[in-house]
2 protein chains.
Amino acid sequence: MPFGGGTSVVGGVEPLPGQHGAVVTLDLRRLSGVLAVDPAAHVATVGAGTTGPDLERALRAHGVTLGHFPQSFEFSTVGGWVAARSSGQASSGYGRIDDVLVGTDLVAPAGRLVLPALPATAAGPDLRRLVLGSEGTLGVVTECSLRVRPLPAARHYEAWSLPSFADGCEALRALAQERILPDVARLSDEEETAISLALAGDHPGVALVRRYLRLRGHHQPCLLVTIYEGDGHDVAWRRARCRRVLRGYGGVALGSRPARQWERERFRGPYLRDALLDHGVLVETLETATLWSNLARLYGAVRGALRSALTRVTPDPVVMCHVSHLYETGASLYFTFLAPAEAEERIALWAAAKRAACEAIVANGGTISHHHGVGRDHREWLETEDSALGLAALRALKRELDPDGIMNPGKLLP
Amino acid sequence: MPFGGGTSVVGGVEPLPGQHGAVVTLDLRRLSGVLAVDPAAHVATVGAGTTGPDLERALRAHGVTLGHFPQSFEFSTVGGWVAARSSGQASSGYGRIDDVLVGTDLVAPAGRLVLPALPATAAGPDLRRLVLGSEGTLGVVTECSLRVRPLPAARHYEAWSLPSFADGCEALRALAQERILPDVARLSDEEETAISLALAGDHPGVALVRRYLRLRGHHQPCLLVTIYEGDGHDVAWRRARCRRVLRGYGGVALGSRPARQWERERFRGPYLRDALLDHGVLVETLETATLWSNLARLYGAVRGALRSALTRVTPDPVVMCHVSHLYETGASLYFTFLAPAEAEERIALWAAAKRAACEAIVANGGTISHHHGVGRDHREWLETEDSALGLAALRALKRELDPDGIMNPGKLLP
């Protein structure tokens, strides 16, 4: 089992032996570092075991950035991002890892797959896309060539309130389809916004904001965090256009502070989760994506499924959501749910809620994962989006690259 | 053998029987038409047999466009574009077909692969990318869901002269990496520009342009055609930024006429080719792509290889080139070569020149095809970019989806 940062949240690095007698974990930590930066092509070649902070530190010395900041950034590795098809918090600006991987090297039990760095090709199916999402089941990603960009000269933070989640989603759709998106755009629904405001405490500024928003008719405000990066002209241009669109959907500007606050805390979620678990609160996140035309339906269905599953233990569970990865054709939905649960019933409650959500996702046109991957937890739902034939194709691939089935057993394939 | 428009230029639809006794051609013409347009998600679902003109006509009625205009546009089909990983002349603005295919349906001998329309997913390897580039060897693409965009409100044509091909490439690199590219950007090298000017004839305007460019120090000018599409603000903004960059690289604006002229004639190349063949001139095109840092080397190597191969029959063959598909990390090179050749020696000369070019491409870090595909003609070079293991993986896939090897034998896989 290839092991990078060990940050999978879907059981992607659980030590399952499969039909074997034991599990060998391959620690990739020493496949670390930036091996080369091609300044003309904006391509960096890096060891797959490089963690987020090490990568960005080394790239910074070359004046470039990958711009890839998943919540697991502090620990997760480039190889893990590729293997699990990661998407960073600035994906609207910098793209998914899928979009920036131009070449890679996979060492499989059956041999080595060397895919050179190319800007584009039509030479048959793109095998890079088989490595992306292979989750350690085909071989070990050892090296990746990634598109990088110059460090941004300008960065602008701007938070907004939208009058409802529905209005906010429509505004984001307009920005995505006009292709003027901020590099980070993250819209919380009513419940997530209410909880953020509550967590901000009794600060007098927060009370003022609440009052101001009520006056503006935002009785259940939805917070939108935007961050723009680039050269000064580009940032100013996109900001001006976005402001016009957001105002058109009833948006009220809240200044930079909430956006800076979000950025400071953006890797803290998992720590908070552990603290809550220690205090008898079950907390979990899950995510999906769908077309814009289906977003409201999917949101309602998953939220409803989670609430139903959790009302077994509490009349008023917290189920909150944000949209944070935007495409011209659709967007992701990221749910967080909380419910009080004694330690002994927690796993059963988690399993029930997770199952209810996954079933709602596949029954309502969502993907089983937008950026967490499949791992152990999503295997049984893969067939609904890949077809039985697609799974057979993936199994055939695995037999060819890993004939003895020794690579990360029990993951990805049902 | 699935047959769409039959426009492959790499032997992709040659009727080769493989180990079978005959070839059955599957005419996909009647899988035609736009089946649905999702106006909120900007997604159109279309039959794979739909030709370019039929597609754009039907989409226009919905106020949208795919923006995909390969040179074969008049005859080629959506299914062919997907199967051969096509890239249109406006790829800098609208993306490759790879970028816009959000869902598809492949009917294989072993069953049906239904891949639903999704904006993005991390649910294992993206099987859409196996259909893209499968070239009819895995099954028949029957239906495609594609990202579309509103018909552009504004369109602006602008031609430029650059002082050299090298300067022009650097200018295009700057535009691509600043992400302000025109939707069409096509730079001809010195030789292609000279021939375009010669073909423009003795028109007094042409003589004036020549004189003007000489005065500006462009003794061997390189023509750059740009077309901007979008809303008026966006077009004006990109134009202003591009002008500044192009001037910085010594660019001289030539007005809109040469760009409009190019657009009028952009599907005529193949007809001209036939006429030249009738007049005893061998003419062929081939293309590749590489990283920006390697573009000059690859250009020199392929051009040199073609010239050497052709000097067997003429001391002064025509080998010309343009760059027309731009990425942050690199670009394509599209070569056209001409040489006088009697009918009986033409095939041998073609084979020698083609082989010399392909060998130069793979020896110098290019892809064997940026948008023509593999077909029959590029099979033997596929291993250099996919590795032996990659070919084994593709063969395993084919065995699974097409166990009797009946789908388009003799193509793609060596």
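The values are calculated or read from the model by the stated rules, or taken from the named source; none is laboratory data. Being a predicted model, the structure only gives us computed values, none of them experimental. With ideal geometry, Cβ positions are generated from the backbone for all residues, glycine too; neighbour counts draw on all protein chains shown. What goes into the accessible areas is simple: the full protein's heavy atoms, side chains included, and nothing from ligands, DNA or RNA. Shrake-Rupley method; radii C 1.70, N 1.55, O 1.52, S 1.80 Å.
In the list B:Leu213, B:Leu146, which residue meets the criterion of being in a helix (DSSP H, G or I), of a type in the set (A, V, I, L, M, F, W, C) and open to solvent by less than 10 Å² (accessible area, probe 1.4 Å)?
Exactly one of B:Leu213, B:Leu146 is in a helix (DSSP H, G or I), of a type in the set (A, V, I, L, M, F, W, C) and open to solvent by less than 10 Å² (accessible area, probe 1.4 Å), namely B:Leu213.
The condition of being open to solvent by less than 30 Å² (accessible area, probe 1.4 Å) and of a type in the set (Val, Ile, Thr) holds for B:Val283.
Considering only the stretch B:374-390, how many residues are acidic (Asp, Glu), open to solvent by less than 30 Å² (accessible area, probe 1.4 Å), touching a Leu at 6+ places or on another chain (Cβ under 8 Å) and more than 8 Å from chain A (Cβ to nearest Cβ)?
0
Each residue in the stretch A:50-64 was checked for being crowded, with 22+ Cβ neighbours inside 10 Å and within 15 Å of A:Ile97 (Cα to Cα), and 3 of them qualify. When B:Val24 is tested against (1) in a helix (DSSP H, G or I); (2) farther than 29 Å from B:Leu118 by Cβ, only condition (1) is not met.
Here are B:Leu412, B:Leu397: which of them is out of contact with any helix residue (DSSP H, G or I) (no Cβ under 6 Å at 6 or more places or on another chain), of a type in the set (A, V, I, L, M, F, W, C) and within 7 Å of chain A (Cβ to nearest Cβ)? If you could, list the steps in order and put the result at the bottom.
Numbers: B:Leu397 fails: out of contact with any helix residue (DSSP H, G or I) (no Cβ under 6 Å at 6 or more places or on another chain).
None of the others qualify; the one that does is B:Leu412.
Contact map, the stretch B:295-321: first residue free of Cβ contacts under 8 Å to residues at least 12 places away in the same chain, second residue surrounded by 14 or more Cβ atoms within 10 Å (Cβ to Cβ), Cβ cut-off under 7 Å, separation 6 or more or different chains; pairs are B:Thr311/B:Pro317.
Residues in the stretch A:248-271 that are more than 18 Å from the chain's Cα centre (by Cα) and open to solvent by 50 Å² or more (accessible area, probe 1.4 Å): how many? Step through it out loud before you land on a result.
Initial filter on the stretch A:248-271 (more than 18 Å from the chain's Cα centre (by Cα)): A:248-261.
Filter once more, keeping what is open to solvent by 50 Å² or more (accessible area, probe 1.4 Å): A:248-249, A:257, A:260-261.
Number of matching residues: 5.
Out of A:Gly21, A:Gly6, A:Gly67, A:Gly11, one residue alone is more than 26 Å from A:Asp274 (Cα to Cα), surrounded by fewer than 22 Cβ atoms within 10 Å (Cβ to Cβ) and of a type outside the set (D, E, K, R). It is A:Gly21.
Considered as a group, the residues in the stretch B:71-88 that are of a type outside the set (Gly, Ala, Ser), out of contact with any strand residue (DSSP E or B) (no Cβ under 6 Å at 6 or more places or on another chain) and surrounded by 23 or more Cβ atoms within 10 Å (Cβ to Cβ) include one that is nearest to B:Ile180 (Cα to Cα), and that residue is B:Arg85. Does the stretch A:149-160 contain at least one residue that is over 26 Å from A:Val37 (Cα atoms), among the hydrophobic types (A, V, I, L, M, F, W, C), more than 9 Å from every other protein chain (Cβ to nearest Cβ) and in contact (Cβ under 8 Å) with a residue 40 or more places away in the chain? Yes, some residue in the stretch A:149-160 is over 26 Å from A:Val37 (Cα atoms), among the hydrophobic types (A, V, I, L, M, F, W, C), more than 9 Å from every other protein chain (Cβ to nearest Cβ) and in contact (Cβ under 8 Å) with a residue 40 or more places away in the chain. Considering the stretch B:323-348, and only residues there that are at pLDDT below 95 and open to solvent by less than 10 Å² (accessible area, probe 1.4 Å), the residue that is farthest from the chain's Cα centre (by Cα) turns out to be B:Ala341.
Check the stretch A:360-368 and report whether any residue there is aliphatic (A, V, I, L, M), at the interface with chain B (Cβ under 9 Å from one of its Cβ atoms) and in contact (Cβ under 8 Å) with a residue 40 or more places away in the chain. Yes. Among the residues making up the stretch B:266-307, those that are within 27 Å of B:Gly366 (Cβ to Cβ) and of a type in the set (Asp, Glu) are B:Glu284, B:Glu287. Of everything in the stretch B:222-240 that is open to solvent by 20 Å² or more (accessible area, probe 1.4 Å) and either farther than 20 Å from B:Arg155 by Cα or not hydrophobic (A, V, I, L, M, F, W, C) (or both), the residue that is nearest to the chain's Cα centre (by Cα) is B:Glu229.
Answer yes or no: is there a residue in the stretch A:289-305 that is within 24 Å of the chain's Cα centre (by Cα) and farther than 18 Å from A:Ala331 by Cα.
Quick first cut of the stretch A:289-305, residues within 24 Å of the chain's Cα centre (by Cα) only: A:289-305.
Filter once more, keeping what is farther than 18 Å from A:Ala331 by Cα: A:304-305.
Yes.
Annotation: A:Ala289 fulfils all but one of (1) open to solvent by less than 20 Å² (accessible area, probe 1.4 Å); (2) touching a residue at least 60 places away in the same chain (Cβ under 8 Å); (3) more than 12 Å from chain B (Cβ to nearest Cβ); (4) not polar (S, T, N, Q); the unmet one is (3). Restricting attention to the stretch B:353-366, the residues that are part of a helix (DSSP H, G or I) and buried (at least 17 other Cβ atoms within 10 Å of the Cβ) add up to 8.
Residues in the stretch B:1-13 that are over 20 Å from the mean Cα position of the chain (by Cα) and part of a loop (DSSP other than H, G, I, E, B): B:Met1 only.
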